[in-house]
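Below is one structure; the comments refer to it alone.
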Amino acid sequence: MTVAENGKHLAHYSFQAIASYSIYRKSPNACAHNDHLSVEPNTQHMKTPRDFKILAIDDDPAFLRSLKRVLIAEPYQVITTTNPAQALLIMEEQRIDLVLLDLKMPQRDGLSVLEDMVKLYPDVTVIMLTGYGGVQEAVKALKLGAADFLEKPCPPSVLCKILANYYTIDQQRCSLKMTNRNRSFDYPDLVGESHEMQRLKALITRISASEAPVLILGESGTGKELIAKAVHHHSIRNSGPFCAIDCAAINESVLESELFGYEKGAFTGADRSTQGLIRSADKGTLFLDEIGELPLKMQAKLLRTLQEHEVRPVGSTKSQPVDIRIIAATNRNLEHEITNGRFRSDLFFRISAIPLLLPPLRERVSDIPLLVHHIMKCQSKETSRNISKEALQLLQGYAWPGNVRELENVLCRALAIAEQNTILPDDLPATIVVEKQVGSELSPVNDSLLAYEQSAIEKALQKTSNNKRKAAALLGISEATLYRKLKLFGLSN
Ligand SMILES: Nc1ncnc2c1ncn2[C@@H]1O[C@H](COP(=O)(O)OP(=O)(O)OP(=O)(O)O)[C@@H](O)[C@H]1O
Ligand SMILES: [Mg+2]
């Protein structure tokens, strides 16, 4: 189609005349950080606009027809539907790059459709559409993960400009994804070749172009911080800082000033201004370990920071801009904490876009030999130190309630007390020698975590209408693990 024809098309277009605008656009992060990346665009596999698939959902068929005419002329691929449920089915069947989603539809509220889309397809850009004056809902939608917001009717020129912008971002993401895919997982500190670890490594590589917050769930000592570092390492922020905060380790009285910084003179002893831990992660990743331990007052302040991309230091009237990606971790059942009023649900939704379930060590026994050799290499300078087959077997038969950290401690002790170069069964603690076999695969070391797992699995199944493959993908675990856990929780039928 020529430019002139294209123009003619637009002239026939019905929702063109009235001025409208994008109320607020989240900073397209994928773009914002590309300046410090030396990513060579892989033009061979570049998407053309014809490959860019837009799904539009609106209860007004006339509006959808006009929209389709304009967008096809660009020329994007366009699919339209008046039915939100059908939209989710379409997304299940084919790759969609961008969604235009009406906020008010008779069948289902656009915000709840948005919630499902963000959870199931965190990489898809969703732009909300609404009639005049829906600012409050717009803000809600942005908080839930919409990328942008457009008021109807929107002039085609504005709409096309915005879509062209997102098309460019998508291209950059694709090229970055391809670079990362080619690069594959490269974080040697994270040891493990079990099926579970391979799945996690693949997932980390796959989400490398995403800026969505990650919530790592796992028992104590499973390697949550290490996973967070691996996610940062593979992300587009990897030239920025990785800053870890253990929310449980900072005394509540100094937590606010530690996190948000303070102004000189804010309190006795504040003889100079400090930027705080959050701002020290600017342009990088902020890892909030044990986020479940954060007091409610701090949760409210943190939520404001995440929503507004600003930090207000203690004793200051001015906020400072901050650009961070959040990775949080917990070994608590946050949904349980929400029910008991100890954790804010809005903060939970804000931080949990991509959940990563880290299996306990007893569920990946095949990783133990690799971990043992890795840990021994790190702890002992002497290359001749070794471990006997019998001792290794005992380590593989133990339930490891303290996971990899406990394994590190056991090996540290064994290396210190072993009289020979080789670690023998006698060098291991009595508890390990006694507990020769893991009684059941899942001795309930941490009941609340198991309950959390069960509830996360149930929710994922609900969200995916019992589609096991989708549910496993949503949870970041393999289908086989999902089936195993369903059996364990008596949910197989
Ligand atoms: N897969 C792994 N490969 C190598 N080292 C590991 C692995 N998993 C954990 N570790 C090591 O085990 C120790 C505990 O890991 P980490 O601190 O990441 O666990 P965590 O889940 O954050 O623990 P906590 O819940 O106590 O904060 C660290 O020294 C880490 O390097
Ligand atoms: Mg930790």
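The values are calculated or read from the model by the stated rules, or taken from the named source; none is laboratory data. Keep in mind it's a predicted model, so treat the numbers as computed, not measured. Quick reminder, even Gly has a Cβ in these numbers, built from the backbone with ideal geometry, and neighbours come from all protein chains shown.
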Cross-chain or 6+ apart pairs with Cβ under 7 Å, segment 229-246 first and free of Cβ contacts under 8 Å to residues at least 12 places away in the same chain, then not acidic (D, E): N238/H232
Among residues of segment 193-219, those that are within 12 Å of ligand 1 (Cβ to nearest atom), closer than 21 Å to D289 by Cα and either in contact with an Asp or Glu (Cβ under 9 Å, 6 or more places away or on another chain) or of a type in the set (D, E, K, R) (or both), counted: 5
Contacts under 9 angstrom Cβ, first residue in segment 44-68 being closer than 22 Å to R95 by Cα and crowded, with 18+ Cβ neighbours inside 10 Å, partner modelled with pLDDT under 90 and among the acidic types (D, E), 6 or more apart: F52/E74; F52/D170
Single unsatisfied condition, V410 versus (1) touching a Phe, Trp or Tyr at 6+ places or on another chain (Cβ under 9 Å); (2) farther than 23 Å from A472 by Cα; (3) at pLDDT below 90: (3)
Positions within segment 382-409 being aliphatic (A, V, I, L, M) and within 16 Å of ligand 2 (Cβ to nearest atom), in sequence order: V404, L407
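Could we say that I326 is in contact (Cβ under 8 Å) with a residue 60 or more places away in the chain and assigned by TED's automatic domain parsing to the domain that holds V231 here?
Details: in contact (Cβ under 8 Å) with a residue 60 or more places away in the chain: yes; assigned by TED's automatic domain parsing to the domain that holds V231: yes.
Yes: the conditions hold for I326.
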Every pair of residues 6+ apart whose Cβ atoms lie under 6 Å, when the first sits in segment 334-345 and is in the same structural domain as K297 (by TED's automatic domain parsing) while the second is of a type in the set (S, T, Y): E335/S455; I338/S345
For T222: the one exception among (1) within 16 Å of ligand 2 (Cβ to nearest atom); (2) within 17 Å of the chain's Cα centre (by Cα); (3) surrounded by 22 or more Cβ atoms within 10 Å (Cβ to Cβ); (4) not acidic (D, E): (2)
Pair list, Cβ under 6 Å, 6 or more apart: segment 395-420 residue in the same structural domain as L226 (by TED's automatic domain parsing), other residue crowded, with 16+ Cβ neighbours inside 10 Å: none
Residue list for segment 148-170, filter: modelled with pLDDT under 85 and within 21 Å of the chain's Cα centre (by Cα): D148, I169, D170
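Could you name every one of the helices (runs of 4 or more DSSP H) located completely within segment 225-338 that has at least 2 residues being within 16 Å of ligand 1 (Cβ to nearest atom) and surrounded by fewer than 15 Cβ atoms within 10 Å (Cβ to Cβ)?
Answer list for segment 225-338: none.
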Selection count where residues are within 16 Å of ligand 2 (Cβ to nearest atom) and of a type outside the set (D, E), scope segment 225-264: 15
Residues that are under 13 Å from R279 (Cβ atoms), among the hydrophobic types (A, V, I, L, M, F, W, C) and within 25 Å of the chain's Cα centre (by Cα), drawn from segment 303-320: V311
